[in-house]
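Inspection log for the structure reproduced underneath, given as structure tokens.
The values are calculated or read from the model by the stated rules, or taken from the named source; none is laboratory data. Everything numeric here is computed off the predicted structure, so don't read it as measured data. When we count neighbours, we look across all protein chains shown, and the Cβ atoms used for this are built from the backbone with ideal geometry, even at glycine. All accessible areas refer to the heavy atoms of the entire protein, side chains included, with ligands and DNA or RNA removed. Shrake-Rupley method; radii C 1.70, N 1.55, O 1.52, S 1.80 Å.
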Amino acid sequence: MLRNKFYITTPIYYSNSEPHIGTVYTTVVADTFARFYRLKDYDVFFLTGLDEHGQKLARTAQEKGYSPQEYVDMMAQKFIDTWKKIGITNDDFIRTTQKRHEEVVQKVFQKLYEEGYLYKGTYAGWYCTPCETFFQKEELNEGNCPQCGRPVEWLEEETYYFKLSEFAEPLLKYIEEHPEFVYPESRRNEVISFIKKGLKDISATRTTVKWGIPVPFDPKHTVYVWFDALVNYISALGYLSNDQSKFERYWPADVHLIGKDILRFHAIIWPAILMALRIPLPKTVLAHGFWTIKGGKISKSKGNRIDPHELIGTYGVDALRYFLLREVSLGLDGEYSDEAFHRRYHSDLANDLGNLLNRVLTVAEKYTEGKVPEPKEFRDEDNLLIKKTEEVAQKVDEAMANFNPANALGHIWEVIQEANKYIDQQAPWNLASSGDKDRLNTVIYTLLETLRRISILISAFLPNTALEIQRQLGYKDIQLAWDLIKDVSIPIGQKLNKEKILFPRVERKEEKEVEEKNEEPKISIEEFKKVDLRVAKVISARKVENSDKLLLLEIDLGEEKRQIVAGIAEFYKPEEIVGREIIVVYNLQPAKIRGYESQGMLLAAKDSKGRLAILTPEKEVDPGSKVS
Ligand code: MSP
């Protein structure tokens, strides 16, 4: 039987700017879908590539002292290297300067011309070179490009128009009949209302841009760069070439993943071209949101460009992938900050996942000779944990079908957190000291099997971590396939291979300072007067992982609950402090300590003998009471 196919594409990026967090984002998301469906045994074709023609490209090359071809060749290598570093598993890499692409564009153009969809005229209007987009006067924003805000140029030249206006009706009908065609729904509505305003024919060739594909029937024209670029999705499959087998196998695309900035090209112009060619439309145009910094556009000129290579150098590839996939739901805009990245890294990756593997392998090393033990009798709680991975697999499947990788990861993290709780509750160290060997073996087995399943669940998202977990679980031949979640189990007796810690802690400079401050704040009397002190009741307390000094407290402040990280673990056991009233600095700037946000600071006194005492009201008052 023929396997299901899945064809996913990214936009082909302009090669005049190096890969940045935005293009990395789209590519990582597409890669995750490609990996996910491969894991599920689909026949996947994942395409990315570069948009190498156009006025902007030619100008940039000239400014930098290269010929356009030299320049695009050099830039292509940078993209290829970056994608390799991030582990992008594209099946093809299309470049619009390749002969295989240029030939298809010319054939498409010829066909459209012969069928009467292109006609000669004159274009008079404005053009934004950075966006490579035509605008009419009324579309401009105070005389500038409505998309990027930069100045536009006046153009008046002979052109071949594409009869876009003819497709308004059929497009509307199609979109109405195919709710899945544009996703998310807000974007679909945007497209519908744009079409309803009426579509004008669009200029499809240029005479003043030489760096482009010559129009076969009138070579003083070159094909407009967007028209050229969109065709990549079928030229890469060999449409109208000698070998159309890939086109026949994979077209129509299942997902064109794009940013919201290029929605109209993909949900209006491209489908109209396809309709004119009489070939089916892609199943879904999936438009994601934009990453911003402090609410603004990410741009080089603002000096706030985030360097993906730097993030990879500090945190690793999987951390970058995880942050991009988890921090925002696909479709929404996302705010990037170093703090948010650091927090995700420490709380989700180091504390939840990294710790889980480390704890499990440590107990197995200690109590079962570093081997997978033979379980005896499974209890409900063991079955529940193992079964949970199957429920989660189902939910991940649904989340991915609904284009929501953030949600999928959320579900996977439920299992990870459950497993951490399970260790605490089962306390294998207690089972070892009480000599309950059978139970100990069963608990350790349950944890190892859960980790095996987790490695499959995460593998499309965090591919390197999935491999690392399997290696540490002792697999020589990696076993990653969706069906294996429930169809096999970890072999008894397999030698485990405890090695490096996943996601080792990364200390940020600010964090060090905060930690020092937290222990011994130095403030003047004027500053002290500004301090808002309140009474709080400790609701829960636990040690911060891998720290001898820090306790994580959940506190009640009357109208709100907060968490604080306090450097008192050497003096108070968590259970000693729960239920106590303490004094906290209420209006302290929240700070991140060991990956946890500390939303205040507790007051304590320390003497020269090294004794420490927490300040506490002399008799009980309501939580939240002000200290004055
Ligand atoms: N060459 C065209 C696309 C042609 S596709 C037939 C183009 N290239 S681009 O280099 O400007 O890439 C635009 C895409 O980069 C966006 O659609 C999006 O996928 C990605 N992003 C660029 N900046 C981004 C953010 N700040 N945030 C998220 N994605 C961003 O347009």
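Identify, among Val392, Gly610, Cys131, the residue whose Cα sits farthest towards the positive end of the charge dipole of the chain, taking +1 on the Cβ of Lys and Arg and -1 on the Cβ of Asp and Glu, with the dipole about the Cα centre.
Checking the options against the dipole of the chain, the answer is Gly610.
Considering only the other residues whose Cβ falls under 11 Å of the Cβ of Leu39, what net charge follows from Lys and Arg at +1 and Asp and Glu at -1?
Residues close to Leu39 contribute a combined charge of 0.
Could you provide, to the nearest whole Å², the per residue accessible area of segment 199-282 with probe 1.4 Å?
On the way: 2640 Å² over 84 residues.
Counting only protein heavy atoms, the per-residue value for segment 199-282 is 31 Å².
In nm, give the distance between the simple-model label positions of Arg249 and Phe217, each being 7 Å from the Cα along the Cα-to-Cβ direction.
Going by the 7 Å Cα→Cβ label model, 3.4 nm.
Counting pairs of Cα atoms in the chain, how many percent are more than 42 Å apart?
Cα-Cα pairs in the chain separated by more than 42 Å: 38 percent.
So what is the diffusion coefficient of segment 1-63 in µm² per second by Stokes-Einstein at 10 °C and 1.306 mPa s, using a Kirkwood Rh over Cα pairs? Write down the numbers at each step before the final one.
On the way: Rh = 13.4 Å.
Reported coefficient: 119 µm²/s.
Counting only the backbone N, which residues of segment 545-589 are under 17 Å from the spot 7 Å out from the Cα of Lys366 toward its beta-carbon?
Correct set: 545-548.
Considering only protein heavy atoms, what per residue accessible area in square angstrom results for segment 339-487 with a 1.4 angstrom probe?
Accessible area per residue: 39 Å².
When DSSP beta bridges are limited to those with both residues in the chain, what percentage is antiparallel, rounded to the nearest 5?
So the antiparallel bridges amount to about 70 percent of the total.
Over the chain, what relative contact order in percent results from Cα pairs under 8 Å that are six or more residues apart?
11 percent.
Contour minus end-to-end for Tyr174 and Glu620, with contour as 0.36 nm per residue of separation and end-to-end as the Cα-Cα distance?
Answer, rounded to one decimal: 153.7 nm.
Enumerate by residue number the trypsin sites (Lys or Arg not before Pro) in segment 348-421 meeting two conditions: DSSP loop (anything except H, G, I, E, B), and at most 14 other Cβ atoms within 10 Å of the site's Cβ.
Lys376, Arg379
Which order do Lys561, Lys40, Lys120 take by accessible area at a 1.4 Å probe, largest first?
These residues rank, largest area first, as Lys561, Lys120, Lys40.
How large a share of the accessible area of segment 229-320, in percent, is made up of carbon and sulfur atoms when the probe is 1.4 Å and the other protein chains stay in place?
Carbon plus sulfur share of accessible area: 51 percent.
Pop the C-beta distance of Ser433 and Glu559 into the FRET formula with R0 = 41 Å and round what comes out to the nearest 0.05.
Computed FRET efficiency for Ser433 and Glu559: 0.40.
For segment 339-487, which whole-number percentage of the solvent-accessible area (1.4 Å probe, protein heavy atoms only) is attributable to carbon and sulfur atoms?
Exposed carbon and sulfur together represent 43 percent of the surface.
Find the relative contact order for segment 525-627 and round it to a whole percent, using C-alpha pairs within less than 8 Å whose residues are 6+ positions apart.
Dividing the mean separation by the residue count of segment 525-627 yields 32 percent.
Just subtract the alpha-carbon distance of Lys376 and Asp41 from 0.36 nm times their residue separation and send over the number in nm, one decimal.
Full extension of this stretch gives 117.2 nm more.
Can you give the FRET efficiency to the nearest 0.05 for Asp307 and Asp397, using r as the Cβ-Cβ distance and R₀ = 41 Å?
For Asp307 and Asp397, the calculated efficiency is 0.75.
Counting only other residues whose beta carbon sits under 14 Å from that of Leu320, what net charge do I get with K and R as +1, D and E as -1?
So the surrounding residues net to -3.
Show that you can apply the helix-only estimate: for the chain, add -39,500 (n - 2.57) for every DSSP H stretch of four or more residues, divide by all residues, and state [θ] at 222 nm to the nearest 500.
Taken over the chain, the calculation gives -12500 deg cm²/dmol.
Translational D (Stokes-Einstein, µm²/s) of segment 525-627 at 37 °C and 0.692 mPa s when Rh comes from the Kirkwood sum over C-alpha pairs?
The Stokes-Einstein estimate is 237 µm²/s.
Run the numbers for Gln425 and Lys294: contour at 0.36 nm per residue of separation, minus the present Cα-Cα distance, in nm.
Contour length minus the Cα-Cα distance gives 43.0 nm.
Under the √(5λ) rule applied to the eigenvalues of the Cα gyration tensor, what semi-axes describe the equivalent ellipsoid of segment 61-172? Give them in Å, descending.
30, 23, 16
Which entries of Lys56/Lys78; Lys5/Lys246; Lys107/Lys260; Lys40/Lys421; Lys99/Lys283 have Cα-Cα distances beyond 23 Å here?
With Cα atoms farther than 23 Å apart: Lys107/Lys260; Lys40/Lys421; Lys99/Lys283.
Compute, for Thr27, the solvent-accessible surface of its heavy atoms (probe 1.4 Å) with the complete set of protein chains present, and express it in square angstrom to the nearest 10.
Probe radius 1.4 Å; accessible area of Thr27 about 0 Å².
Given +1 on the Cβ of Lys and Arg, -1 on the Cβ of Asp and Glu, and no further charges, what dipole in debye does the chain carry about its Cα centre, rounded to the nearest 20?
Charge dipole of the chain: 640 debye, to the nearest 20.
Which percent of Cα-Cα pairs in segment 339-487 sits in each 5 Å bin, short to long?
2, 9, 19, 23, 21, 14, 8, 3, 1, 0
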